[in-house]
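Read through the structure below, which is laid out as structure tokens, and then see the notes.
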Amino acid sequence: MQLITRRDNPKVKRLASLHKRENARREGLVFLEGERLCTDAFDSGIKPAEVIVTEKNIPWADKYADGTEITLLSEDCFKK
């Protein structure tokens, strides 16, 4: 797991674009945000395409990601 710290990183730009519902739908995805909503989705058996977290949430991601790719963002990138 590598920390992404630059807002101009192509992956950060793509993730930011998925925050808009129409962009996520175009890719066949649903963008879930927030620990509780994501935890509820995992607990109900939904397998995420990707998990995006900051350093403070690594323990949570390790518990719930279950083999799913984890993208680690700096706090600044995550705010984008």
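The values are calculated or read from the model by the stated rules, or taken from the named source; none is laboratory data. Quick caveat, the model's predicted, so the values are computed rather than measured. Heads up, the Cβs are rebuilt from the backbone with ideal geometry, glycines too, and the neighbour counts pull from every protein chain shown. Please note that ligands, DNA and RNA were not included when accessible areas were found on the heavy atoms of the full protein model with its side chains. Shrake-Rupley method; radii C 1.70, N 1.55, O 1.52, S 1.80 Å.
Some observations on this one:
- Among 51, 30, the sequence by solvent-accessible area, most first, with a 1.4 Å probe is 30, 51.
- Solvent exposure of the chain, expressed per residue, is 72 Å² of accessible area, with all protein chains present and a 1.4 angstrom probe.
- The accessible-area ordering, largest first, of the residues 37, 29 stands as 37, 29, per a 1.4 angstrom probe.
- Only the Cβ atoms of Lys and Arg (+1) and of Asp and Glu (-1) were treated as charged; on that basis the dipole of the chain about its Cα centre amounts to roughly 440 debye.
- Using 0.36 nm per residue and subtracting the Cα-Cα separation, the extra length available between residue 46 and residue 79 on full extension is 9.4 nm.
- J(HN,Hα) series, segment 70-79, from Karplus relation 6.51 cos²θ - 1.76 cosθ + 1.60, nearest Hz, glycine and proline x: 10, 9, 9, 10, 5, 4, 5, 5, 4, 5
- Sum of -39500 (n - 2.57) over DSSP H runs of 4+, divided by residues of the chain (222 nm, nearest 500): -11500 deg cm²/dmol
- Between residue 52 and 71, the built amide H atoms are under 5 Å apart, and every one of these is 5 or more places off in sequence or on another chain.
- Whole-Hz couplings from phi, Karplus 6.51/-1.76/1.60, listed for segment 22-39; x for Gly and Pro: 5, 5, 5, 4, 4, 8, x, 10, 10, 8, 10, 10, x, 4, 5, 4, 5, 4
- Cβ-based charge dipole, the chain, positive-most Cα from 28, 42, 3: 28
- As a fraction of the 1.4 Å probe accessible area of segment 1-73, surface on carbon and sulfur atoms comes out at 49 percent.
- Cα gyration tensor shape of the chain, rounded if a/c is under 1.5, else prolate or oblate by comparing a/b with b/c: oblate
- A simple rule links phi to the HN-Hα coupling: the Karplus curve 6.51 cos²θ - 1.76 cosθ + 1.60 with θ = phi - 60°, which for segment 8-14 gives 8, 4, x, 5, 5, 4, 5 Hz, with x for Gly and Pro.
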